[in-house]
Amino acid sequence: MHGSLTVKRSIPIQPIEIQRASSEDQTAWDRFADVSPSATFFHRHAWADVIRECFGHRPEYLLARRGGQMAGILPLMHKSSPLFGQALISTPFLSYGGVATDDPAIRQALESHAVQLAEELGVQYLELRNRGQRRDAGHSPATQYATFLKDIPQDMEQIIRSIPAKGRRHDLKRSLRQDLVFEAPGRLEDLYEILAESFRNLGTPIFPRRYFDKILTAFPRETEVCTVKKDGRPISAALVFSFRDHVQPFYAGGRRSARDLHANDFLFLNIMLRARVRGYAAFDFGRSKVGSGAYAYKSHWGFEAEPLAYEYRLIRGTHLPDISPQNPRYKHMIALWQRLPLVIANVLGPRISGHFG
């Protein structure tokens with residue numbers, strides 16, 4: 001009696017199709033971004049319109065399909081600036097970007113298409129602000145940025161105990177004795193006034209107010225203004241993003257009077273507490289330049305730095321870009337900006353802030 005022979009048929013691999021996303025793809029795009037493990041809040045499609053309408057940079061969003069199903073996305077913006085030239089970035093003004101997919105072949109196809117697009121556009125470089133580590137050769141890595149993320153303790157006492165004794169714990173406790181008041185949701189007017197003063201003090205041009213208004217309008221369920229007041233006057237504020245199980249105070253600042261009161265510490269504590277009550281589990285402190293004051297501040301809160309795997313591909317450029325405030329080339333410009341009267345900084349800042357980011 002002869003045994004039967006089983007023939008296994010291989011399932012053909014569907015070809016990968018890469019195309020530029022249209023407005024009709026937005027719903028499917030966001031549905032993919034909401035479930036892809038490698039996607040972030042900054043992969044949401046509405047950022048394309050926010051950045052285009054506020055700064056004039058052109059979206060070049062790419063998506064990949066396999067077998068008719070969306071299998072990967074890559075949000076790109078063609079950033080054009082008379083100050084810094086042209087670049088294709090995923091994504092300017094935001095911390096995270098790059099390809100979102102769980103398929104290495106899809107990732108490679110999208111990145112290869114991005115390089116081809118960058119060459120067609122004649123930009124100086126392609127920049128991918130990857131969150132996780134990359135795998136392939138061909139791009140130049142940059143390790144100047146790190147991000148900070150950790151689980152939120154259950155209550156105020158646990159949050160305070162989670163801060164190293166030599167860190168911000170003492171300042172946080174002092175903030176609880178200053179009769180500060182936390183307000184959420186707060187007002188955009190208060191947020192913008194505080195950020196404008198804070199940006200000027202740091203030597204950074206403030207974005208136009210319509211940028212923050214567009215963000216709140218585009219993401220009404222994922223954004224919230226949080227404010228700290230002293231004697232009824234707003235002195236510290238943040239624009240907080242919520243995505244999946246975590247919150248992130250992406251834009252935050254304080255008036256000069258907030259420093260002695262430790263109002264920013266009080267602000268972040270209450271954002272954590274509010275997040276816990278609303279069911280969020282993690283706090284994303286966002287990116288900072290390695291060695292900067294913000295980097296040290298977040299470390300002193302007990303957050304461990306996670307290097308960001310930004311990568312660049314030079315196209316027509318001859319060296320990697322560095323438009324960071326820590327670049328010595330901009331030292332004198334930053335010092336000059338810090339000395340500007342606030343009213344002048346608030347007029348000039350929105351006109352030039354779109355060149356940065």
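Work out how much length I13 to V35 would gain on full extension: take 0.36 nm times their residue separation and subtract the Cα-Cα distance, in nm to one decimal. Walk me through the intermediate numbers first.
On the way: separation 22, 0.36 × 22 = 7.92 nm, distance 2.30 nm.
Difference between extended and current length: 5.6 nm.
Seen against the Cα atoms of the chain and their longest principal axis, helix 263-277 is set at about 50 degrees.
Looking at the square roots a ≥ b ≥ c of the eigenvalues of the Cα gyration tensor of region 14-55, which shape do they give, rounded for a/c under 1.5, prolate if a/b is larger than b/c, or oblate?
On the way: a/c = 2.24, a/b = 1.38, b/c = 1.62.
Oblate, because a/c is 1.5 or more while a/b does not exceed b/c.
Taking the longest Cα principal axis of the chain as reference, the axis of helix 188-202 is set at about 90 degrees. With the cut-off at 29 Å, tell me which of the pairs K79/K150; K79/K229; K79/K331; K229/K298 have Cα atoms farther apart than that. Going by Cα-Cα distance, K79/K150; K79/K229 fall outside the 29 Å limit.
Distance between the pseudo-spin-label points of K289 and D49 (7 Å out from Cα toward the beta carbon): 3.4 nm.
Counting only the Cα atoms, the chain fills a convex hull of 181 Å³ per residue. Per the Debye formula on identical point scatterers at the alpha carbon atoms of region 57-134, with no solvent, log10 I(q)/I(0) at q = 0.17, 0.22, 0.23 Å⁻¹ is -0.62, -0.98, -1.06.
Mean-square fluctuations from a GNM of the chain, with a 10 angstrom spring cutoff on Cα atoms, peak among Y211, Y125, Y192 at Y211.
Here the calculated FRET efficiency for F84 and I344, from their Cβ-Cβ distance with R0 = 25 Å, stands at 0.65, rounded to the nearest 0.05.
Which shape class applies to region 39-171: rounded if a/c is under 1.5, otherwise prolate when a/b exceeds b/c and oblate if not, where a ≥ b ≥ c are the square roots of the Cα gyration tensor eigenvalues? Show your work: numbers first, answer last.
On the way: a/c = 2.14, a/b = 1.71, b/c = 1.25.
Here region 39-171 falls in the prolate category.
Stretched out straight at 0.36 nm per residue, the stretch from D155 to R329 would grow longer than its current Cα-Cα span by 58.2 nm. Among 167-174, 43-50, the peptide with the highest mean count of other Cβ atoms within 10 Å heads the list, and the full ranking is 43-50, 167-174. Taking a ≥ b ≥ c as the square roots of the eigenvalues of the Cα gyration tensor of region 219-357, is the shape rounded (a/c under 1.5), prolate (a/b larger than b/c) or oblate? Oblate, since a/c reaches 1.5 and b/c is not below a/b.
Remark on region 201-298: hydrodynamic radius 14.5 angstrom, per the Kirkwood mean of 1/r across alpha carbon pairs.
Computed from the Cβ-Cβ distance with R0 of 25 Å, the FRET efficiency linking R58 to A28 stands at 0.70.
The angle between the Cα long axis of helix 342-352 and the longest principal axis of the Cα atoms of the chain comes to about 10 degrees, rounded to the nearest 10.
No lab work stands behind these numbers, since they all come straight from the coordinates. Since the structure is predicted, the reported quantities are computational estimates derived from the model, not experimental observations. No Cβ is skipped: glycine too gets one built from the backbone with ideal geometry, and neighbour counts run over all protein chains shown.
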